[in-house]
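The values are calculated or read from the model by the stated rules, or taken from the named source; none is laboratory data. Predicted model, so just to flag it, every value in this text is computed and none were measured. For neighbour counting, all protein chains shown are included, and Cβ atoms are generated from backbone atoms with ideal geometry for every residue, glycine included.
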Amino acid sequence: MASTYIQVQTSDFDIGHETALMRDPDGRVGAIATFTGLVRDLHDASLPGDGLQEMFLEHYPGMTEKSLQRIVDQARERWELIDVRIIHRVGSLRPCDQIVFVATSSAHRVDSFAACQFIMDYLKKDAPFWKKEKTSRQDHWVEQKDTDLEAADKWKDK
């Protein structure tokens with residue numbers, strides 16, 4: 001039976017543990033695709049001391065989970081998935097911290113790969129998360145990137 005697990009949390013997660021939970025004891029799973037996103041420090045190296053000190057993520061509880069479920073539902077309409085697992089962290093995060101985990105399982109790798117990428121692309125576009133970057137010079141809210149919108153748009157023709 002297909003299942004979906006969606007969790008928004010402040011605590012870290014264990015990639016190995018989360019991936020192991022995607023295995024099916026009945027032998028239906030032939031592929032598990034995962035994506036783990038990390039907090040990057042994209043500061044300008046020519047500006048000493050201006051690196052990312054912290055990223056703070058906010059979300060709208062209840063709305064966020066429903067939004068993620070809609071994305072999973074869209075993926076399930078396109079591909080035959082056995083399990084989907086999404087964990088997204090909120091709160092205070094530092095460079096190199098894990099921020100998001102997406103895993104999909106299916107009988108075949110093509111479905112798992114495509115669905116995992118689709119979910120991540122739409123998560124970046126549609127999920128209600130707000131990011132504030134804190135540096136030694138300033139705090140600023142991060143705007144949605146055109147590249148994230150373009151990544152989601154490519155799925156419209158597929």
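Okay, residues lined up against (1) modelled with pLDDT under 95; (2) touching an Asp or Glu at 6+ places or on another chain (Cβ under 7 Å):
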residue	(1), (2)
V8	no, yes
S11	no, no
D14	no, no
E18	no, no
D41	yes, no
P61	yes, no
S92	no, yes
### Message
Taking the conditions exactly as written (in a strand (DSSP E or B) and either buried (at least 17 other Cβ atoms within 10 Å of the Cβ) or out of contact with any Phe, Trp or Tyr (no Cβ under 7 Å at 6 or more places or on another chain) (or both)), does E143 satisfy them or not?
### Response
no
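Of everything in region 104-140 that's of a type in the set (S, T, N, Q) and at pLDDT below 95, which residue is surrounded by the most Cβ atoms within 10 Å (Cβ to Cβ)?
The qualifying residue surrounded by the most Cβ atoms within 10 Å (Cβ to Cβ) is T135.
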### Near pairs, Cβ below 8 angstrom, 6+ apart or cross-chain, from region 52-77 (more than 19 Å from Q117 (Cα to Cα)) to any residue that is of a type in the set (S, T, N, Q)
L52/T135; Q53/T135; Q53/S136; E54/S92; M55/S92; F56/S92
### Task
Evaluate the following for V72: is it closer than 14 Å to I6 by Cα, assigned to a helix (DSSP H, G or I) and at pLDDT 95 or above?
yes
### Task
Of all residues in region 130-153, count the ones that are in contact with a helix residue (DSSP H, G or I) (Cβ under 8 Å, 6 or more places away or on another chain) and closer than 22 Å to R78 by Cβ.
4
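Is region 37-59 home to any residue that is β-branched (V, I, T) and part of a strand (DSSP E or B)? Walk me through it before giving the result.
So the first thing to find is which residues in region 37-59 are β-branched (V, I, T), and the list is 39.
Imposing the further condition that a residue be part of a strand (DSSP E or B) reduces the set to none.
No, that holds for no residue.
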### Query
In region 83-129, which residues are assigned to a helix (DSSP H, G or I), in contact with a strand residue (DSSP E or B) (Cβ under 8 Å, 6 or more places away or on another chain) and among the hydroxyl-bearing types (S, T, Y)?
S112
### Query
Within the group L52, L38, L57, which residue is within 21 Å of E143 (Cβ to Cβ) and loosely packed, with under 15 Cβ neighbours inside 10 Å?
L38
